[in-house]
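Would you mind keeping the following structure in view while I ask a few things?
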Amino acid sequence: MKRAAAKHLIERYFCQLTEGCGNGACTNEFCASCLGFQPLDHNTAAIRALELYKMNAKLCGRHSAAFPDNSSAKETHPALSGDRHGKMPDHEDNLFPPREDFREVHYLTEEKVYEILSICEGKKDYSPLIRVIGRIFSSADALVQSFRKDKEQHPNTKEQRKTHQAKDEDKDEDDKERTTAMEQESEESEASASMEGATGSTENRLGPVEVSVDIEAVRRVYDRLLSNEKIESAFLNALVYLTPNVELDLTYLDVYDTNPDYLNIFIIVMENSSLHSPEYLEMAMPLFCKCMSKLPLPALAKLTRLWSQYSVEHIRRMMETFQQLITYTVISNEYDSDSLVNDDECVVAAAKCLKLVFYANVLGGDLDTGHNEEEEPASESSELTLQELLGEERSNKKGPRVDPLEKELGVRTLDCRRPLIPFEEFVNEPLNDVLEMDKDFTFFKVDSESKFSFQSCPFVLNACTKSLGLYYDNRISMYSERRITALYSLVQGQQLNPYLRLKVRRDHIIDDALVRLEMISMENPADLRKQLFVEFEGEQGVDEGGVSKEFFQLVLEEMFNPDIGMFTYDESTKLFWYNPSSLENEAQFTLIGIVLGLAIYNNCILDVHFPMVVYRKLMGKKGTYLDLADSHPVLYQSLKELLDYEGDVEEDMMITFQISQTDLFGEPITYDLKENGDKIPVTADNRKEFVSLYGDYILNKSVERQFKAFRRGFQMVTNESPLKCLFRPEEVELLICGSRNLDFQALEETTEYDGGYSKDCRIIKDFWETVHSFGEEDKRLFLQFTTGTDRAPVGGLGKLKMIIAKNGPDTDRLPTSHTCFNALLLPEYDSKEKLKERLLKAITYAKGFGML
């Protein structure tokens, strides 16, 4: 009855907009009888009627011109006629006899489409088929009933159809029982699927998603009809008429709850291979995406699971459709601080729809939902009590937020080792270019209920944009800690340090840093989230960022020194791995974890060389056999050959479930992968288990003590950061280590000049010619000398704002730098040769800080 009432109200609004109320003195601005009312065409009036219904606008009283029975409205505009949903106009056409006008067709099947198409081809006139497509594809009821898998389609005669509609409106007990049974069956199948093995294929883990629509039939119909230009336009026009009604249903009537088959509309429409065309992007897709984004969470999850079973080609087509809609809309509009892209309903809706395709891409890839690291409880401290006393609350105290769709699907991006489509293809660069990240971050952290943040769709953002969001989060946390400290000082009367200050001796940097950071981590870990200031004892450098960079580098050089024995170094991969036989205590590994966390928190790039599995473990996934390819390539190759071996494994290999390694002193040690492993031979039947256990031992169990301490230190700093929900492991590595790809041409284009220099000065031209002539090693030394690191930041050297300032006339003095500000102080040497000689000497022998 709610549907009938809503339909009746919309018809009244339409009549009021087109015919008026008949009162010559009407003052209702939404009535055609009102003086000064601008006449509307029927299409505009139909859309406006929907808007007035949504806003519960004023309705005039009934007059003679208001069409009490609404029959005139139905005749005037097709979107308000027919059954509970509007249909495209069905014009009279005398070319066909009445029996061939197909008015009795209330839904479509593949056979019925081909039958009508055959008649039209014989008559050389496609107008009957165009009308049928327009009528069916513009009606939600008709589209839901079309292309069903079951042979018993819905009733097609007028008498049967009336009976069917009466049942639908009255919602009798049979319908309720059938709906409940369908929901219970769906829940049981999903629960059963969740009990499957964590590393199984997507289809085995999730089970096939059952829908009533015959998708293959829909595809064949589209392939057959879209080649005809006139018929193609009928689909477009029908979608334009369909979407307002669907939006109304989803917004006010909760249609999916009463009829899960309502999802068929979106399944059928998304099979249209022409959705990416400009006509669709401009006229139909914006509102259709808005409709899709209004689907309830269970419907979105079901649609995602269904799409995950599609081929790569179909998933890619849908991805490109939504990507093109975002790009088309972004480049067609202008955005600024007053008109944000976050407020563009089309872009927001398309991003939400793209999220479904993204998770379908994840579900359809190689999944590993098991092998998760055990999360350690966050350490509590007196600082939390202090915050409560001061009325402060941590928004992320319980860790980063979880996406509702991700939770509903029971899968994370991190669980996917290899998606069907590379994650990089989901990034939309035009969107990144216009996104105001400071505003978006505010929506993400503070106003997420009423404002949309693109950080809720991190897959569409590049690493550079996300790192900017992380930077804002870190800075706000620093300011918050500073404010809390100031308030505490006022309350307690004690003067506390608002910064994290470390005073270290260059020759005892590990001991000094370890003692200080260990004390902080034990007494009040929240102090690690204060802004870092480092002071080298006996040196005059003031830390504006550059001193911290050198502190990080010196600590890492010391920790990764092979003589200490905390890590092993692989000459072939140039990577470090934890030493299982290390004699160092856990505090040393905790210190390295804290240093990595502080580097992210303070926006510093480190020269660390870990395999990717370390970052996967930091994000919460255990290492598996597949990760050995990166960290232990020789062992991986041996185990792969064992799996691929076609001979007699037991007789030819003669290996057991006992493995051996050498300790720090070169002595052999053995380990049983299973109880009594030395007595269990590896066979063709159990070799997969052997490989799995071997990988688990090397990457997890053998280094469990070292890694847990390392991760504990890392999480002390990053536990309340959005790091996990925004970044993938490879992006975390880029965040910590920067990029080794050095584009000095991009650096030259973004460099600024001061003190009288400009890009056209002779000395500047000589300088860049000299730098471009350097070899790879000298370029890295120059970067280290000028910025404090030999790596490029996230986004490349073009994101690095370097300044070259004049430092006097020609002289024998060396160039100097302020690494805190990426500033190079360059004297105006009188020759290119002298410039090169002085610059090379400066970058080769640069270490320490002093006042000039």
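The values are calculated or read from the model by the stated rules, or taken from the named source; none is laboratory data. Just so you know, these numbers come straight off a predicted model, no measurement behind them. Glycine also receives a Cβ, built like all others from the backbone with ideal geometry; neighbour counts cover every protein chain displayed. Just so you know, the surface numbers come from the protein's heavy atoms only, side chains and all, with ligands and any DNA or RNA stripped out. Shrake-Rupley method; radii C 1.70, N 1.55, O 1.52, S 1.80 Å.
In terms of the Cα gyration tensor, with a ≥ b ≥ c the square roots of its eigenvalues, is the stretch 265-312 rounded because a/c is under 1.5, prolate because a/b exceeds b/c, or oblate?
oblate
With θ set to phi - 60°, apply the Karplus curve 6.51 cos²θ - 1.76 cosθ + 1.60 along the stretch 747-758 and write out the HN-Hα couplings as whole Hz, x wherever there is a Gly or Pro.
Values, residue by residue: 5, 4, 5, 9, 5, 10, 10, 8, x, x, 7, 8 Hz.
Which of the chymotrypsin sites (Phe, Trp or Tyr not before Pro) found in the stretch 636-703 are loop residues per DSSP with 15 or fewer other Cβ atoms within 10 Å of their Cβ? Mind showing how you got there, number by number?
On the way: sites: 636, 645, 657, 665, 671, 690, 694, 697; in loops: 645, 657, 665.
Of the chymotrypsin sites (Phe, Trp or Tyr not before Pro), the ones in loops of the stretch 636-703 whose Cβ has at most 15 other Cβ atoms within 10 Å are 645, 665.
Starting from the Cα gyration tensor of the stretch 229-364, take the square roots of the eigenvalues, sort them a ≥ b ≥ c, and report rounded, prolate or oblate (rounded when a/c is under 1.5, otherwise prolate if a/b is larger than b/c, else oblate).
rounded
Next question, about the same structure. Taking R0 as 51 Å, what FRET efficiency do you get between residue 227 and residue 641 from their Cβ-Cβ distance, rounded to the nearest 0.05?
After rounding to 0.05, the efficiency reads 0.50.
Compute the label zone of residue 499 within the stretch 472-488: residues whose backbone N is under 16 Å from the point 7 Å along Cα-to-Cβ.
The answer is 475, 478-483, 485-486.
Now for a separate question. On a C-alpha basis, how far is the centre of the stretch 232-258 from the centre of the stretch 580-659 in Å? Whole number, if you could?
Between the Cα centres of the stretch 232-258 and the stretch 580-659 lies a distance of 52 Å.
If amide hydrogens are placed 1.01 Å from N in the peptide plane, which non-local residues have theirs closer than 5 Å to the one on residue 823?
Close amide H contacts, sequence-distant or interchain: 803, 818.
Give the long-range amide H neighbours of residue 621: residues separated by 5 or more places, or on another chain, with amide H under 5 Å away, using H modelled in the peptide plane at 1.01 Å from N.
373
Give the accessible surface of the stretch 522-644 per residue, rounded to a whole number of Å², with probe radius 1.4 Å and ligands, DNA and RNA excluded.
About 37 Å² of surface per residue is accessible.
Continuing with the same structure: For the stretch 491-636, what's the relative contact order in percent, using C-alpha pairs closer than 8 Å and at least 6 residues apart?
Relative contact order for the stretch 491-636 comes out at 18 percent.
A further question follows. Any idea what log10 I(q)/I(0) is at q = 0.22, 0.29 Å⁻¹ for the stretch 239-280, Debye with uniform C-alpha scatterers and no solvent?
For the stretch 239-280 at q = 0.22, 0.29 Å⁻¹, log10 I(q)/I(0) is -0.80, -1.07.
How big is the dipole moment of the stretch 668-821 about its Cα centre under a simple scheme where the beta carbon of each Lys and Arg is +1, that of each Asp and Glu is -1, and everything else is neutral? Debye, nearest 20, please.
Numbers: 22 positive and 25 negative charges, 114 e Å.
Dipole magnitude for the stretch 668-821 comes out near 540 debye.
Run the simple label-point estimate for residue 769 and residue 331 please: 7 Å along Cα→C-beta, distance reported in nm.
Rounded to a tenth, the inter-label distance reads 3.9 nm.
Another one. Return the long-range amide H neighbours of residue 501 (sequence gap of 5 or more, or a different chain), with a cut-off of under 5 Å between placed amide H atoms.
Here the answer is 533, since their amide H atoms fall under 5 Å of that of residue 501.
So for the stretch 509-603, Kirkwood radius off the Cα pairs, Stokes-Einstein at 37 °C and 0.692 mPa s: how many µm² s⁻¹?
On the way: Rh = 14.5 Å.
Result for D is 226 µm²/s.
Quick one: what are the phi-derived ³J(HN,Hα) couplings along the stretch 692-701, Karplus 6.51/-1.76/1.60 with θ = phi - 60°, whole Hz, x for glycine and proline?
Residue by residue, the stretch 692-701 yields 5, 5, 5, x, 5, 5, 5, 8, 10, 5 Hz.
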